[in-house]
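Below: the structure, in structure tokens.
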Amino acid sequence: MTLNFAKSAVAAAVLGFGAVAAQANTTDWGNHDFAEVGAAVVFGSFSDYFQFTLNPAATVTSTVVANNNLNILNITAGNYSLWSDGGDGVGGAADTQIASFNFDGTTGNTFNSLVLSTGSYFYKIEGTVAPGAFAGLYTLTSTLAPVPEPTTYALLLAGLGVVGFVASRRKPV
């Protein structure tokens, strides 16, 4: 009798988590380090934001992985998007979407690599936990690579010019 009650209590708790209303979390990474990682266990419908600033400009590579495990962890209608913050707060009317990808239990992960200028940005991860699943789980990884300065390209071109000049002055043997 006690065992059946315990099973019923666990089942009710699991169903209660599955019926949680929409949730939204905002994480501020500040000035983006070489690598940033965000992860979340989500319930119901969710919209999570990861804010960051870039200074100087950089190539930003990001990956979202949805860890789906049958009906235990499963996200449906997932969407990952990268936005330029227009200065009116995360999700404001002045924000500009830069990239967007859909993901779910079959696609698993998305990947994006873009050169971004100095400024404020945010990732938006949203979706819904699949009916009957206990929860959803995803991870977001964002890394930086420096963008070469214009002087680097000028130096490269000057070096190629010198090599060409020297080659043209050589006497044929």
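All of the numbers you see were taken from the coordinates with simple rules; none came from a lab. Here the structure is a predicted model, which is why all the values come from computation and not from measurement. Glycine also receives a Cβ, built like all others from the backbone with ideal geometry; neighbour counts cover every protein chain displayed.
Tell me, what does the Kirkwood hydrodynamic radius of the range 43-117 come to in angstroms if you use every pair of distinct C-alpha atoms?
14.0 Å is the Kirkwood radius here.
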Handout entry: Around Gln23: net Lys/Arg minus Asp/Glu count, Cβ-Cβ under 14 Å
Key = -1
Handout entry: Formal net charge of residues neighbouring Tyr138 (Cβ-Cβ distance under 15 Å; K, R +1; D, E -1)
Key = -3
Fill in the blank from the handout: Scalar couplings 3J(HN,Hα) for the range 72-86 by Karplus 6.51 cos²θ - 1.76 cosθ + 1.60 (θ = phi - 60°), nearest whole Hz, x for Gly and Pro, are 7, 10, 7, 10, 10, 6, x, 9, 10, 9, 10, 10, 8, 6, x
Exercise for the section: Give me the distance in nm between label points sitting 7 Å out from Cα along the Cα-to-Cβ direction at Ala99 and Ser120, one decimal. Expected result: 2.2
Fill in the blank from the handout: Given backbone amide H placed at 1.01 Å from N, residues whose amide H is under 5 Å from that of Thr26, ignoring those fewer than 5 places away on the same chain, are Tyr49
